[in-house]
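The values are calculated or read from the model by the stated rules, or taken from the named source; none is laboratory data. Since we're looking at a predicted model, the values are computed, not measured. Backbone-built Cβ (ideal geometry, glycine too); neighbour counts: all protein chains shown. With ligands, DNA and RNA removed, areas are computed over all heavy atoms of the protein, side chains included. Shrake-Rupley method; radii C 1.70, N 1.55, O 1.52, S 1.80 Å.
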Amino acid sequence: MELEHRGGLIKKKLESRGAVRRGRRNRNTRYRKPRFLNRKRPEGWLPPSLEHRILTIQTWVKRLIKFCPVNEIWVERVKFDTQKMQNPEISGIQYQQGELAGYEVREYLLEKWGRECTYCGKQSVPLQIEHIHPRSLGGSDSALPTLRERVSNLCLACEKCNQRKGNKPIEDFLKKKPSLLQKIKSKAKQPLKDATAVNATRNKLVKVLQLIKVVVTGTGAQTKYNRTRLELPKQHWIDAACVGDIETLVLRTSQPLLVTCKGPGGRQKAALNKYGYPIRHNPLKPIKGACYWGHSQASKTRNR
């Protein structure tokens, strides 16, 4: 199965809630004062958007083991070295923080650019690492010596497109395709948030799953070796099946179970526009458990 998280939506809602709270503090309304000195995060704390990933995976593992005879859980415990991806020449004392994993830049680029040519979109062809900002225009003696080596300046291109582009600036190479130019520029500036999320959650995920079943960890290189040896296509759900020490693998389906996290729903009775005025009525969604009970009790108390 493939599980689609809702961490981005959680982050967006928390930012929106924080903006509303700041707005209430700035107005002359009755509201508590901001508190900063009495907040202490517990050990192992993760942001809600990342904690959601752990809890969702834990929930689905518990569901699946009810129907399948699971003896062990194999987890690909990968580590992304975000500092080295930003600057491959970093070494020694420059590593003030972070774990050194040495994850290959090429593997990250394959995931980032969808394993296809950035310029023509060809797939299943040999891809080469391409510098969006040409080396000849950067140079190691320039004011930004590592600009051409940063991951944000790297993409993937087939041999034909790589030869055609040569040392041309991307603005000249794609001057007849402004939409593609804008798409590449925006995607190249995307931060390494996915790699950071994996680094932040991988250890806690293993600890949580160990409370359910025996957990055995594998590496990304081992997964890729198994998939290549078995001549299987690159898919996330196939990678999950190739994790660990396996000899043979028989896929009995070509379409995995697709699961999208929707959340428990909200209790807001009126939807608001961007100015804060109600525009429609939202029916109350049934929420099981203590949340729904607490809402009912609070309503009865207010009515009294």
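Structure data summary
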| item | result |
| --- | --- |
| Listed residues LYS274, LYS175 arranged by accessible area, highest first, probe 1.4 Å | LYS274, LYS175 |
| Protection-proxy order for peptides 167-173, 214-220, each taking the mean of Cβ atoms within 10 Å per residue, highest first | 214-220, 167-173 |
| Interchain or long-range residues, amide H under 5 Å from TRP74's placed H | VAL216 |
| Estimated vicinal HN-Hα couplings, Hz - region 181-187 in sequence order (Karplus 6.51, -1.76, 1.60; Gly, Pro = x) | 4, 5, 5, 5, 5, 5, 6 |
| Karplus 3J(HN,Hα) series, Hz, for region 225-242 with 6.51 cos²θ - 1.76 cosθ + 1.60 (x for Gly, Pro) | 4, 5, 5, 5, 5, 8, 6, 10, x, 7, 9, 5, 6, 6, 4, 5, 6, 9 |
| Area of CYS68 that stays accessible when all protein chains are in place (1.4 Å probe, Å², to 10) | 70 |
| Amide H partners (placed H, <5 Å) of ASN282, local residues excluded | ALA270, ALA271 |
| Under 15 Å, Cβ to Cβ, from PRO42 - net charge with Lys/Arg +1 and Asp/Glu -1 | +3 |
| Candidate residues VAL20, VAL70: accessible-area rank, largest first, probe 1.4 Å | VAL20, VAL70 |
| Prolate/oblate/rounded label for region 151-271 (Cα gyration tensor, a/c 1.5) | oblate |
| 19 Å Cα-Cα threshold exceeded, pairs from LYS165/LYS234; LYS112/LYS185; LYS185/LYS274; LYS13/LYS262; LYS122/LYS160; LYS112/LYS224 | LYS165/LYS234; LYS185/LYS274 |
| Label-point separation in nm, GLN123 to GLU107, each point 7 Å along Cα→Cβ | 2.2 |
